[in-house]
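Step one of this worksheet: look at the structure below.
The values are calculated or read from the model by the stated rules, or taken from the named source; none is laboratory data. Remember, predicted model here, so these are calculated numbers, not experimental data. Note: ideal-geometry Cβ built from the backbone for every residue, glycine included; neighbour counts use all protein chains shown. We work out accessible area using only protein heavy atoms, side chains counted, and drop any ligands, DNA or RNA first. Shrake-Rupley method; radii C 1.70, N 1.55, O 1.52, S 1.80 Å.
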Amino acid sequence: VDDARVLHHVVLVPDKFGEPNTHSRCDTLNPSALTYAWAPGQGALQFPDGGLRLEPGERMTLNIHYNNGAHHPDVRDSSGVRIFHGPVEGPEVAMLTFGPTEITIPPNENAIADGWCKLPADTHLLYSFPHMHENGTGFHQVIEVHDENAEPDAPVQEDPIINMNGWDFDAQYIYQTPKPLPEG
């Protein structure tokens, strides 16, 4: 991160992913599968005990958004991402975005936007990265465990991860939220 005054976010995206704005299985069909993301308030994201798997020849798109609403006259930015190549070591790490990714809420109204996916295998959650733009006010993340043998109207078991009110665009932190996630 070079000039955080104007940097809105940085996203590194593989060129292969599913249909945008749909729910998915949390694997290669994840509609917003990210390789890397940065937003205001956090430092560089690193994976010291493992890494992301990139296939030989895989293409990436580096998407950097800027916002100079304060009209800083001396803006020059050279933010970017470094990828270190090496042999496979440690656990494989992946970043998932739970859709929907495009939400339209009329001015001065309240609404809830839900996102979910079905895990293809047992997984371990390491971190959570709530991200909303300047109009979001709260973020609630839970794990829902569905019992396939339960009655249709049976309550769903929820395991809370993050419950945040008072959203601040300039303080988008990555939270340590270690938790095992069962397949499904």
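I need the full set of residues from the stretch 69-87 which are open to solvent by less than 60 Å² (accessible area, probe 1.4 Å) and under 16 Å from V10 (Cβ atoms), in order please. Result: V75, D77, S79, G80, V81.
Output the number of residues of the stretch 159-184 satisfying the condition of being polar (S, T, N, Q) and more than 22 Å from K118 (Cα to Cα). The number of residues fulfilling the criteria is 2. Could you tell me whether D159 is closer than 30 Å to P56 by Cα and in contact with a strand residue (DSSP E or B) (Cβ under 9 Å, 6 or more places away or on another chain)? For D159, the condition - closer than 30 Å to P56 by Cα and in contact with a strand residue (DSSP E or B) (Cβ under 9 Å, 6 or more places away or on another chain) - is not met.
In the stretch 125-184, what residues are part of a strand (DSSP E or B), polar (S, T, N, Q) and open to solvent by 70 Å² or more (accessible area, probe 1.4 Å)? It would help to see each step written out before you state the result.
Let us first name the residues in the stretch 125-184 that are part of a strand (DSSP E or B), namely 125-128, 138-145, 157-165, 175-181.
Narrowing further to those that are polar (S, T, N, Q): 128, 141, 157, 163, 165, 176-177.
Selection gives Q157, N163, N165, Q176.
List the residue pairs whose Cβ atoms are under 6 Å apart, where the first residue sits in the stretch 141-153 and is free of Cβ contacts under 8 Å to residues at least 24 places away in the same chain, the second is in a strand (DSSP E or B) and open to solvent by 100 Å² or more (accessible area, probe 1.4 Å), and the two are 6 or more positions apart or on different chains. Short answer, once both residue conditions are applied: V142/E158.
Looking at this structure, is R5 modelled with pLDDT of 80 or more and closer than 17 Å to F169 by Cα? So R5 fits the description; yes.
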